[in-house]
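S.K.: Sharing a structure, written as structure tokens. Questions coming.
The values are calculated or read from the model by the stated rules, or taken from the named source; none is laboratory data. Source: prediction; values computed, not measured. Backbone-built Cβ (ideal geometry, glycine too); neighbour counts: all protein chains shown. Quick note on the areas: whole protein, heavy atoms, side chains included, nothing else; ligands and nucleic acids left out. Shrake-Rupley method; radii C 1.70, N 1.55, O 1.52, S 1.80 Å.
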Amino acid sequence: MDGLVLPGGESTTIDKLLRIFGLFTPLKDAIAGGLAVYGSCAGMILLADRIVGGALDQQTLGGLDITVRRNAFGRQVDSFETDLEVTGISGPPVPAAFIRAPVVDEVGPQVQVLARTSSGPGAGRIVAVRSGALLATSFHPEITGDVRIHQLFVRIVSKEF
Ligand code: GLN
């Protein structure tokens with residue numbers, strides 16, 4: 001396996017299922033060993049070393065030296081779409097859908113910030129990061145029909161970015 005996508009969903013449930021099915025430790029070890037992973041939304045939470053607003057027993061796979069804040073834009077009804085300038089992606093801004101999305105509160109020195117919100121609630125919040133072979137976005141790029149975030153991940157997997 002060259003790369004893995006951890007999708008959106010519900011990070012507390014994904015965490016529980018990873019543990020129940022015995023995938024948590026092998027996956028954590030693979031990430032620590034350099035596996036390329038793209039995490040969107042709940043996937044970003046799973047990749048974060050630290051969570052604000054996690055469930056009591058919530059664990060993460062970790063690997064990304066970030067502090068992520070769950071549900072930072074509010075509840076499901078507060079979901080929104082906006083356009084983002086993303087480092088590494090040329091052309092028009094990237095359309096991004098935020099669904100009960102997290103934001104990144106803090107990044108460690110090795111983490112590159114790829115995008116921040118430019119408008120909407122709390123403009124300037126970090127919503128896309130990359131560190132080595134790990135890429136994470138607060139938003140869902142897969143439902144807007146723009147494949148450039150996924151292409152960026154393929155470039156990371158092929159060591160072209
Ligand atoms: N709020 C969810 C969580 O904490 C993530 C939502 C999503 O992936 N769209 O896991």
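S.K.: Using a Gaussian network model of the chain with C-alpha springs under 10 Å, which one of Val147, Val104, Val37 is most mobile by mean-square fluctuation?
M.R.: For the chain, modelled as a Gaussian network with Cα springs under 10 Å, the answer is Val147.
S.K.: What list of ³J(HN,Hα) values in whole Hz, one per residue of segment 76-88 in order, does the Karplus curve 6.51 cos²θ - 1.76 cosθ + 1.60 (θ = phi - 60°) give from phi, with Gly and Pro shown as x?
M.R.: 3J(HN,Hα) across segment 76-88, in whole Hz: 3, 5, 8, 4, 7, 10, 8, 9, 10, 7, 10, 4, x.
S.K.: Classify segment 102-156 from the C-alpha gyration tensor, please: rounded if a/c falls under 1.5, else prolate or oblate depending on whether a/b exceeds b/c.
M.R.: Working: a/c = 2.49, a/b = 1.08, b/c = 2.30.
Here segment 102-156 falls in the oblate category.
S.K.: Over all distinct alpha-carbon pairs, what is the Kirkwood Rh of the chain in angstrom? Please list the in-between numbers first.
M.R.: On the way: mean 1/r = 0.0644 Å⁻¹.
With all distinct Cα pairs of the chain included, I get 15.5 Å.
S.K.: Tell me what the chain gives for mean residue ellipticity at 222 nm when only DSSP H runs of n ≥ 4 count, each as -39,500 (n - 2.57), the sum divided by the residue total, rounded to 500 deg cm²/dmol. Intermediate values should be presented prior to the final figure.
M.R.: Values: 4 runs with 35 residues, N = 161.
The helix-only estimate for the chain comes to -6000 deg cm²/dmol at 222 nm.
S.K.: Using a 1.4 Å probe over the heavy atoms of the protein chains, calculate the carbon and sulfur portion of the accessible area of segment 1-132 as a whole percent.
M.R.: For segment 1-132, the apolar C and S fraction of the accessible surface comes to 53 percent.
S.K.: Between Glu10 and Ser158, take the C-beta separation as r, use R0 = 30 Å, and let me know the FRET efficiency to the nearest 0.05. Can you show the working numbers first?
M.R.: On the way: r = 31 Å, r/R0 = 1.03.
For R0 = 30 Å, the calculated efficiency reads 0.45.
S.K.: Next up: Could you compute Rg(Cα) / (2.2 N^0.38 Å) for segment 32-79, with N its residue count? Walk me through the numbers on the way to the answer.
M.R.: Working: Rg = 11.6 Å, N = 48, 2.2 N^0.38 = 9.6 Å.
Cα-based Rg divided by the globular estimate yields 1.21.
S.K.: Using the heavy atoms of the protein chains and a 1.4 angstrom probe, tell me the accessible area per residue for segment 1-139 in square angstrom. Can you show the working numbers first?
M.R.: Values: 6320 Å² over 139 residues.
Roughly 45 Å² per residue, with all protein chains present.
S.K.: Another question, if that's okay. Which residues does a label at Glu81 reach in segment 1-17, if reach means a backbone N under 19 Å from a point 7 Å past the Cα toward the Cβ?
M.R.: 8-9, by backbone N distance to the label point.
S.K.: Provide the per-residue ³J(HN,Hα) series for segment 150-161, in order, calculated from phi with Karplus coefficients 6.51, -1.76, 1.60 and θ = phi - 60°, each as a whole number of Hz, with x at glycine and proline positions.
M.R.: Rounded to whole hertz, the list is 5, 4, 4, 5, 4, 5, 5, 4, 8, 6, 9, 9.
S.K.: Per residue of segment 131-136, what does 6.51 cos²θ - 1.76 cosθ + 1.60 with θ = phi - 60° give for ³J(HN,Hα)? Whole Hz please, x for Gly and Pro, Karplus curve as stated.
M.R.: The phi angles translate into 9, x, 8, 9, 10, 9 Hz.
S.K.: Amide H of Leu114 versus every other amide H placed in the peptide plane: which residues, excluding those fewer than 5 positions away on the same chain, fall under 5 Å?
M.R.: Amide H neighbours of Leu114: Ala128, Val129, Arg130.
S.K.: Still on this structure: So if I take the centroid of the Cα atoms in segment 23-90 and the same for segment 118-148, what is the distance between those two points in Å?
M.R.: That distance is 11 Å.
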